[in-house]
1. Filter 162/312; 199/310; 162/199 down to the pairs with a C-alpha to C-alpha distance above 19 Å, please.
2. Ranked by Cβ crowding within 10 angstrom, fewest neighbours first, how are 162, 192 ordered?
3. Using modelled backbone amide H atoms (1.01 Å from N, in-plane), which distant-in-sequence or interchain residues come within less than 5 Å of residue 204's amide H?
4. Please give the contour-minus-distance gain from residue 152 to residue 118: 0.36 nm per residue of separation, less the Cα-Cα distance, rounded to one decimal in nm.
5. Take each of the peptides 3-10, 300-307, average the number of other beta-carbon atoms within 10 Å over its residues, and list them starting from the highest.
6. Could you put 20, 157, 315 in order, starting from the residue whose Cβ has the fewest other Cβ atoms within 10 Å?
Amino acid sequence: MNTTEQQATLTIALLAAFADGQKADTEREAIRRLADSLGHESGGAGLAQLYQDVLLRRVSLADAAQRLTDPGQRQLAYEMAVCVCDADGRQSPAETGFLADLKRHLQLAEGDTAVFEREETALLDATDAAVPVLARPAPPATGPAPAAAQPAQAVRDAELDKSILNHAMLNGALELLPQSWASMAIIPLQVKMVYGIGKAHGVELDQGHIREFIAAVGVGLTSQYLEQFGRKLLGGLLGKAAGRAIGGMGSAATGMAFSFATTYALGQVARRYYAGGRVMSTALLQETFQGLLGPAEQMQAQYLPQIQQKAKTLDAGQVLAMVRGG
């Protein structure tokens, strides 16, 4: 995949990010930071310029689609766009319309996307099953835990630490898989992790609350997908697109470290937030998250062998079962 094809694919992903016209300022800022970092790291691939072109409407969906002539590249671009549109939940009417237009511009038949769309729907359904939609948060706890409850709390904290680490290793392993559904599963698993942490502290959360919490921490859902796809594109990790073999395992390691660290730091922030009665400000949440990212990235190297081994054993059925909680 050459630079023009990379830029076209990322342009489509960015257009998908803004398809609903309701992108929050925090999400815009996250995408802007992503554009700046990837534009620099890619040695001039120009993602920052693409972001400006999309934001200022200097590029059209039809133009971007026309630059992709290989059937595999067109299907990949569509799958990326679906992932971005689904990042913050079920598609809005505007996003559904955007994807229909995209499929038409990319000249994709229903049969070309049927398998992927079934996997995508299954992941969303599994997330819905794992996290209740209409649950009501319990009132925050007040005061210190009774002395008799402290040993039980220590056991619970140890169990949560183990769960957070397992989720981080799993999401790191998903980064090593070439299938589109693998990247799609990362955010649902993060949502499920936060739900479990809240529930362990007596707080029943719905998906809307969890996604708002993740955004408040500073982990933009849409920008996470763009980060994952952007790194894979710019690192040449798209399998056999345009007849080229997979390469650049160093970039795969970068993506794995990103997903591991993001998941681990998010879990630890959630544990502190719900244990403390949900009184941390947005600024403190973001400061705590950023402070945990560095140590989490160092931890990833320690658990690298386990992550690589887990990646060798994963399949779609296992991941769906994990998202469901089975």
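Derivation of every value follows stated rules applied to the coordinates shown; laboratory data play no part. What you are looking at is a predicted structure, and each value in this text was computed from that prediction instead of being measured. Quick reminder, even Gly has a Cβ in these numbers, built from the backbone with ideal geometry, and neighbours come from all protein chains shown.
1. Pairs exceeding the cut-off: 162/312; 199/310.
2. Arranged by neighbour count, lowest to highest, 162, 192 become 162, 192.
3. Excluding prolines and chain starts, which carry no amide H, the hits are 138.
4. The residue 152-residue 118 span can extend by a further 8.0 nm.
5. Ranking the peptides 3-10, 300-307 by packing returns 3-10, 300-307.
6. 315, 157, 20
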